[in-house]
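Here the structure comes first, spelled out in structure tokens, and everything after it is commentary.
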Amino acid sequence: MKLAEALQERADLNRNIEQLKNRLINNALVQEGEQPSENIEQLKEKLDTSVLRLAYLIECINRTNCETVVNEQTLTELIAKKDALSLKIHVYHDIVYAGSQISYRARNTEIKIKSAFSVAEWQAEIDRMAKELRQLDNKLQESNWKTDLIE
């Protein structure tokens, strides 16, 4: 199995676990003398099996990410770099948005509010980081499809 396939299965399992949880909650209470619309024990068994499989996949994915080296960095290091860059871009976006707000004056006697920094320069930096993020993500995606999952 390729790492990318394991990542897809992990995402599917997470969705499935959430659905099973909701189905269990929906069938947790019934009117006296009635039966739940689904068998609680069967749902519980499916949930337990899914959680076990998820734990196994997470272990294998983490091991693979730690041991696979791409361009002298492990996949774990590349993922951390991607996550940090994504966070930085998000924060910069919020700051640029705040600095872009134009304050209108009704009269010349009112206080004029202006940006404390160059919005254009910050936006150019965001654009550069976004390109770097895309390239990093592409490298990770390519590696995920070329790398065998370590089991």
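Some notes on this structure:
- Neighbours by Cβ (under 7 Å, 6+ apart or cross-chain): first from region 129-150, of a type in the set (Gly, Ala, Ser); second surrounded by 12 or more Cβ atoms within 10 Å (Cβ to Cβ): 130/89; 143/68; 143/70; 143/75
- Yes/no for residue 148 being open to solvent by less than 60 Å² (accessible area, probe 1.4 Å), among the acidic types (Asp, Glu) and under 30 Å from residue 10 (Cβ atoms): no
- For the condition open to solvent by less than 60 Å² (accessible area, probe 1.4 Å) and either at negative phi or within 24 Å of the chain's Cα centre (by Cα) (or both), residue 78 qualifies.
- A search for C-beta distances below 7 Å between a residue of region 8-34 that is in contact (Cβ under 8 Å) with a residue 24 or more places away in the chain and any residue that is of a type outside the set (A, V, I, L, M, F, W, C) and open to solvent by less than 70 Å² (accessible area, probe 1.4 Å), counting only pairs 6+ apart in sequence or on different chains, returns 13/50; 16/50; 17/50; 20/50.
- Taken as a whole, the structure leaves residue 43 outside the set of residues that are open to solvent by 100 Å² or more (accessible area, probe 1.4 Å) and either under 24 Å from residue 9 (Cα atoms) or under 23 Å from the mean Cα position of the chain (by Cα) (or both).
- None of 17, 89 is touching a helix residue (DSSP H, G or I) at 6+ places or on another chain (Cβ under 7 Å) and more than 30 Å from residue 117 (Cα to Cα) except 17.
- Members of region 58-77 that are within 24 Å of residue 131 (Cβ to Cβ) and in contact with a Lys or Arg (Cβ under 7 Å, 6 or more places away or on another chain): 70
- Selection count where residues are exposed (fewer than 15 other Cβ atoms within 10 Å of the Cβ) and either in contact with an Asp or Glu (Cβ under 8 Å, 6 or more places away or on another chain) or outside any helix (DSSP H, G or I) (or both), scope region 6-25: 0
- Summed over region 108-137, residues that are open to solvent by less than 100 Å² (accessible area, probe 1.4 Å) and under 28 Å from residue 78 (Cβ atoms) total 12.
- When residue 33 is tested against the conditions (1) open to solvent by less than 90 Å² (accessible area, probe 1.4 Å); (2) part of a helix (DSSP H, G or I), the lone failure is (2).
The values are calculated or read from the model by the stated rules, or taken from the named source; none is laboratory data. Only a predicted model underlies this, so the values are computations on that prediction, with no experimental measurement involved. So basically every Cβ, Gly included, is an ideal-geometry build from the backbone, and we count neighbours across all protein chains shown. SASA here: full protein model, heavy atoms, side chains in, ligands and nucleic acids out. Shrake-Rupley method; radii C 1.70, N 1.55, O 1.52, S 1.80 Å.
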